[in-house]
Amino acid sequence: MDKKKYEEIREKLQESSVGIAGLGGLGSNAAVSLARAGVGRLVLVDFDKVEESNLSRQYYFQDQVGRLKTEAIKENIERINPRVMVEIFNCKLEKGSMERLFKDVDVVIEALDDAEMKTAFIEEVLQKLPGKPVVAASGVAGYGRCDSITTKRLGNLYMCYDEGAPSSEESVLIAPRVALMANWEANLAVEIILG
Amino acid sequence: MSIKVNGREVDWVENETVKQLLKRMKYTFPLVVVKINDEVVPRNLFDQVTIPDNAKVAVIHMISGG
């Protein structure tokens, strides 16, 4: 690839910002992937602490168990790419103000776990922040089924989607498929940013 | 007189609400995001908002896991 084009892409990513709601399997992996890609600013929101069981799929380490996910992920990103500006918010997203922290980012990624919260988040952000691209995922649980995952685009909503997938109550959440979906979301965000 | 639901052509029914359409389509998923002609319909309005003729309706099934 010629140097000029490479520089253009690098600059565009450097000037861009992505907000991520939730720092579990989807959010932690998407955040790290976007940091590696060189997105300039990340707004990361979660209220939870790292648990031992999270390590089967989430981007944390043994010595971070018990720590806030927001602080742990910030530390991990700084070890990978210290040029990324990481803004963390250690709070629970509440219905009625879901969009509050994402007003000034270029792309919003839904990375929540519970279907009820996912639905509420997508609804609210689409309604209250018209024009804002929202990337979401549904059908993360289980394993295999690679070819059943598709991107479903509906206006500003980009869904990483497998409607036949089991829910997390019915099946396992493990790294290969969770990371696949997380990076699918990150890849969509990059595509939106680069146009 | 027809509408498209997730790309599938079905009859348009006058005064049919989102809730009734979901029932007619046998979409029993507990949690869905519904868009009519690219506008999201809040869930609390499913039993009030009616589907216009020629509408393009998208129903996205949200599954837990993340």
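The values are calculated or read from the model by the stated rules, or taken from the named source; none is laboratory data. It should be emphasised that the depicted structure is a prediction, and the values quoted were computed from it without experimental measurement. No Cβ is skipped: glycine too gets one built from the backbone with ideal geometry, and neighbour counts run over all protein chains shown. Quick note on the areas: whole protein, heavy atoms, side chains included, nothing else; ligands and nucleic acids left out. Shrake-Rupley method; radii C 1.70, N 1.55, O 1.52, S 1.80 Å.
Values as computed for the structure displayed
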quantity: Residue among B:Lys4, B:Lys19, B:Lys23 that is within 14 Å of chain A (Cβ to nearest Cβ) and under 11 Å from the mean Cα position of the chain (by Cα); calculated: B:Lys4
quantity: Segment B:1-36: number of residues that are assigned to a loop (DSSP other than H, G, I, E, B), surrounded by 13 or more Cβ atoms within 10 Å (Cβ to Cβ) and out of contact with any helix residue (DSSP H, G or I) (no Cβ under 8 Å at 6 or more places or on another chain); calculated: 5
quantity: Output for segment A:158-191, where each listed residue is in contact with a Phe, Trp or Tyr (Cβ under 8 Å, 6 or more places away or on another chain), surrounded by 17 or more Cβ atoms within 10 Å (Cβ to Cβ) and not charged (D, E, K, R); calculated: A:Cys160, A:Leu188
quantity: Flag for A:Asn76 being touching a helix residue (DSSP H, G or I) at 6+ places or on another chain (Cβ under 7 Å), open to solvent by less than 70 Å² (accessible area, probe 1.4 Å), farther than 30 Å from A:Pro130 by Cα and modelled with pLDDT of 95 or more; calculated: yes
quantity: Positions within segment A:26-71 being within 14 Å of chain B (Cβ to nearest Cβ), part of a helix (DSSP H, G or I), in contact (Cβ under 8 Å) with a residue 40 or more places away in the chain and open to solvent by less than 40 Å² (accessible area, probe 1.4 Å), in sequence order; calculated: A:Leu26, A:Gly27, A:Ser28, A:Asn29, A:Ala30, A:Ala31, A:Lys69
quantity: Enumeration of residues in segment A:156-193 that are over 26 Å from B:Lys35 (Cα atoms) and touching a residue at least 24 places away in the same chain (Cβ under 8 Å); calculated: A:Glu170, A:Ser171, A:Val172, A:Leu173, A:Ile174, A:Ala175, A:Pro176, A:Arg177, A:Val178, A:Ala179, A:Leu180
quantity: Total residues in segment B:42-63, condition within 10 Å of chain A (Cβ to nearest Cβ) and either open to solvent by less than 10 Å² (accessible area, probe 1.4 Å) or under 14 Å from A:Met159 (Cβ atoms) (or both); calculated: 6
quantity: Residue list for segment A:1-19, restricted to those being surrounded by 16 or more Cβ atoms within 10 Å (Cβ to Cβ) and more than 18 Å from A:Arg83 (Cβ to Cβ); calculated: A:Gly19
quantity: So A:Ala186, is it assigned to a helix (DSSP H, G or I) and out of contact with any strand residue (DSSP E or B) (no Cβ under 9 Å at 6 or more places or on another chain); calculated: no
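Conditions (1) part of a strand (DSSP E or B); (2) loosely packed, with under 15 Cβ neighbours inside 10 Å; (3) away from chain B (no Cβ under 12 Å), marked per residue:
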site: A:Ile109; (1), (2), (3): yes, no, no
site: A:Thr119; (1), (2), (3): no, no, no
site: A:Leu126; (1), (2), (3): no, no, no
site: A:Pro130; (1), (2), (3): no, yes, no
site: A:Arg153; (1), (2), (3): yes, yes, no
